[in-house]
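One structure is given below, encoded as structure tokens.
Values in this text are rule-based calculations from the coordinates and carry no lab data. Because the structure is predicted, anything quoted here is derived from the model rather than measured. Note that we place each Cβ from the backbone using ideal geometry, even for glycine, and neighbour counts take in every protein chain shown.
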Amino acid sequence: MSNTVVITGNEAAAIAAKLARVQVVAAYPITPQSAVVENLSKWVESGELPAEFVTVESEHSALTVCLAASTVGARTFTATSSNGLAYMTEQVWWTAGARLPVVMGCVNRSMAAPWNVLNDQQDSMSVRDAGWIQLYCRDNQEILDTFLQAFRIGEQLNLPVMVCYDGFLLSHTVMPVTIPPAEQVDRFLPPRPAGLQVVDVNDPRNIGPVTLADPRLDASGVLHGGYMEIRHAHQQALCEALDTIPKVDDEFEAVFGRTWGGLTWEYRLEDAEVVLIAAGSLGMELTLAVDELRSEGVRAGVLGIRTYRPFPAEHLCGKLLGRSLAIVFDKALSYGYEGPICTDLRALMTGRDNAPQVFGTVTGLGGRDVTAAQLAEEARVAIADAGAGVRQRPTTWINLRQTDQTCAQLQESSESITCSDRE
């Protein structure tokens, strides 16, 4: 029988890994993900989780252990945040290129310098092109359920999956979470099937060899792909994930009675002319902004990004074409340009008939508070700009405070203030 408890997002992630019967966990603590692996270590020590728990000296080594264990067929798990993810970036690329179904929790936290342990999504967005599936969660129940789905998705496609959720806003906030019984999870998530790179003494192979540009014939006359062919196969698998993710979500609903929308989720979107878009818990705050706008007669709705990589292009077209305005609220910045989700959405809508205007905003960097009232006000300004005929609008920053300090002075200040040109 399912059991509903009040727990943090980190506890939900750890419980999901235990229910998935992970066999190898590698860990290096970093705020705000530390509690995930701390819980797993206790269960391994007590015998409640029969797994290998490997403590390492760095995040780079943590993912190295996971990719090695995954190579020999083990179901593996780790978690990280912020500069920890940056430190393991080499192995992030290697894990994806080797087509290993490692599941990793990224507890989203701002990147240094300057040091900041609070939330934005700059860390996971910085590796969005490394070849991992990226799924973003809006609350603690979705964290638990998405990790269970992630193992099944990754193991079907031989791809690593990064489950992202907002540091402190979810990782350390308690919410009611329904924990399914292990037997029910076993029906949904059977043991890991043999993958592309499982070591077999009866089928010896060289894993991770140097690959030249062009395909080559081996001594037995078999044609082996070159670098481009391997990358093309990887891209095809990621594109296939656009079908697999919703299918797995449907299968999850059939077993557990809950669905998370597959690629995206929505709120009051059916008749919306203005669509507010975000990934993670910010989307839940947008639902309150939409209620406020609706009370004023504005037909607004929320489109939450659950699957960011692979980018669900055609699915988003189906949700957005025919609307008048899409406002993207990014909690990350592609420095020198704009928010990453906004960039992808602008490119997607360019040249399409009945496409909405796409305006971008950046908010919440380094844990800066943003309220539903501020989000609603930003939407009002965007609606007014669109109504006045503005077609191209520079990225706006919500709750950015002006300062006369220089960048160097800001670095030395104990107050966390984003350094930016004045607007």
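Sequentially through region 242-258, phi angles give Karplus couplings (6.51, -1.76, 1.60; θ = phi - 60°) of 5, 8, 5, 4, x, 5, 5, 5, 5, 5, 5, 4, 4, 8, 10, x, 10 Hz, Gly and Pro residues having no value and appearing as x.
For region 13-22, 3J(HN,Hα) computed residue by residue from phi via the Karplus equation (6.51, -1.76, 1.60; θ = phi - 60°) reads 5, 5, 4, 4, 4, 5, 5, 6, 6, 4 Hz, glycine and proline entered as x. Look at the dipole of region 265-412 built from charges on Cβ: of L293, G283, L325, the Cα furthest out on the positive end belongs to L325. Annotation note: chymotrypsin sites (Phe, Trp or Tyr not before Pro) in region 279-339 located in DSSP loop regions with a Cβ neighbour count of at most 16 within 10 Å are Y335, Y337. Helix 34-46 and the longest principal axis of the Cα set of the chain meet at an angle near 30°. Here's the picture: a label point sits 7 Å out from the Cα of R352 along the beta-carbon direction, and within region 231-252 the residues with their amide nitrogen under 17 Å of it are 242-243. A full extension of the chain between Y335 and S295 corresponds to an added length of 10.8 nm, given 0.36 nm per residue minus the alpha carbon distance. Taking 0.36 nm per residue of separation and subtracting the current Cα-Cα distance, fully stretching the chain between E183 and Q374 would add 64.2 nm.
One decimal place: the segment V5-L400 gains 138.4 nm when fully extended, by the rule 0.36 nm per residue minus the C-alpha distance. The DSSP beta bridges internal to the chain are antiparallel in roughly 25% of cases. Label-to-label distance, V199 versus M228, with points set 7 angstrom from Cα along the beta-carbon direction: 3.4 nm. Taken over the chain, lysine pairs spaced eight or more positions apart, or on distinct chains, with alpha carbons under 24 Å apart number 4. Annotation for region 23-109: trypsin sites (Lys or Arg not before Pro) lying in DSSP loop with at most 10 further Cβ atoms inside 10 Å of their Cβ do not exist.
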